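Scroll down for the structure; my scribbles are underneath it.
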Amino acid sequence: MNIQSAFTHITRAIASLYDTREAANIAHLVMEHITGLSKLDRIVYKDRALEAPQQAQLEKAVKALLEQQPVQYVTGTAWFYGMELMVNPQVLIPRPETEELVEWIVQDVRAGGGAAAIQLLDIGTGSGCIPLALKKELPAADVWGIDVSTGALATARANATQQQLEVRFEEVNVLDEKATGALPVFDIIVSNPPYIKHSEHTVMQQQVLAYEPSLALFVPDDDALLFYRVIAELATRKLSAAGRLYFEINEALGKEVVALLETAGFKNVILKQDIFGKDRMVRAES
Ligand code: GLN
């Protein structure tokens, strides 16, 4: 099989699962992963035959895609803020909405005169996408990431090494008051915590439900704001005087998160929409 026919093989195999455009996007990602060649180079070398190991990789990838595994887990990589990060089922696949949250923080820090010696903490860091992007954009900042999942932290640390970025990753359960009590004070706390109600699983894609870590996605129906409440409370103790707290939120819970933060005593609480026009981020000041 040559490079061109391998591409066609993938798109045909998954045609019943994805629309034409998405199937092509997925096939491109898989082909780039297998050949290491860019899209342009794959056009130039379209007649080049796959080597035996590449052929085996191709069959394995198609099998995984037919099991509805997300393509990012199949290739083991996902793009975030210009970085190609390693991902696996221990971590959530970074979403474009979260890039917007990072962008907001970076702009605010730059507008406030730069990042000299500020301290940043990401809670529930997963792949480490948020603190790694922050460190890349704000190299002078001291950046931390915490998570309860050992597997997630191993992935985040591996990503830091690969990106040559210095972020301090610690295993801390944010629901454990004793553990969070030992954390220092930060100028910025950010979190994209689990925020999907269990009952919402009926409207979710199989690719997400079957493969992404439920620990990172779901909260109990009767306590959807669990992490927001706990993190807001933590932030009242661990944010510096002019500190700021940033959240990614469930689009249906914007008003509730704003109210929670105002009740907790935060000032200038702002709700912000993502590029799809959905309530997606909140910023609050201590
Ligand atoms: N902070 C990580 C991200 O934004 C993980 C989020 C999560 O697992 N809830 O992708």
- Task: Just name the residue that is modelled with the highest pLDDT out of those in the range 168-222 that are within 16 Å of the ligand (Cβ to nearest atom) and of a type in the set (Gly, Ala, Ser).
- Result: SER191
- Message: Looking for something part of a strand (DSSP E or B), over 21 Å from ARG283 (Cβ atoms) and within 11 Å of the ligand (Cβ to nearest atom) - is there at least one such residue anywhere in the range 87-106?
- Response: no
- Task: Output the helices (runs of 4 or more DSSP H) that fall wholly within the range 121-227 and possess 1 or more residues being surrounded by 16 or more Cβ atoms within 10 Å (Cβ to Cβ) and within 19 Å of the chain's Cα centre (by Cα), or say none.
- Result: 129-137, 150-163, 206-211, 214-217
- Note on the structure: Flagged in the range 243-286 as under 15 Å from PRO193 (Cβ atoms), touching a residue at least 60 places away in the same chain (Cβ under 8 Å) and either assigned to a helix (DSSP H, G or I) or of a type in the set (Lys, Arg) (or both), in numbering order, are ARG280
- Does the range 64-80 contain any residue that is among the acidic types (Asp, Glu) and part of a helix (DSSP H, G or I)? no
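Looking at the range 228-244, can you tell me whether even one residue there is under 17 Å from the mean Cα position of the chain (by Cα) and surrounded by 18 or more Cβ atoms within 10 Å (Cβ to Cβ)?
No, the range 228-244 contains no residue that is under 17 Å from the mean Cα position of the chain (by Cα) and surrounded by 18 or more Cβ atoms within 10 Å (Cβ to Cβ).
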- Query: What are the residues in the range 21-63 that are outside any helix (DSSP H, G or I) and more than 25 Å from PRO89 (Cα to Cα), if any?
  - Reply: LEU37, SER38, TYR45, LYS46, ASP47, ARG48, ALA49, LEU50, GLU51
- Can you find a residue in the range 207-222 that is without any contact (Cβ under 8 Å) to a residue 60 or more places away in the chain, under 30 Å from ALA140 (Cβ atoms) and not basic (Lys, Arg)? no
- Query: Yes or no: VAL257 buried (at least 22 other Cβ atoms within 10 Å of the Cβ) and not acidic (Asp, Glu)?
  - Reply: yes
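The values are calculated or read from the model by the stated rules, or taken from the named source; none is laboratory data. Note that the structure is a prediction, hence the values are computed from the model and not measured. Every residue, glycine as well, gets a Cβ built from its backbone with ideal geometry; the counts of neighbours run over all protein chains shown.
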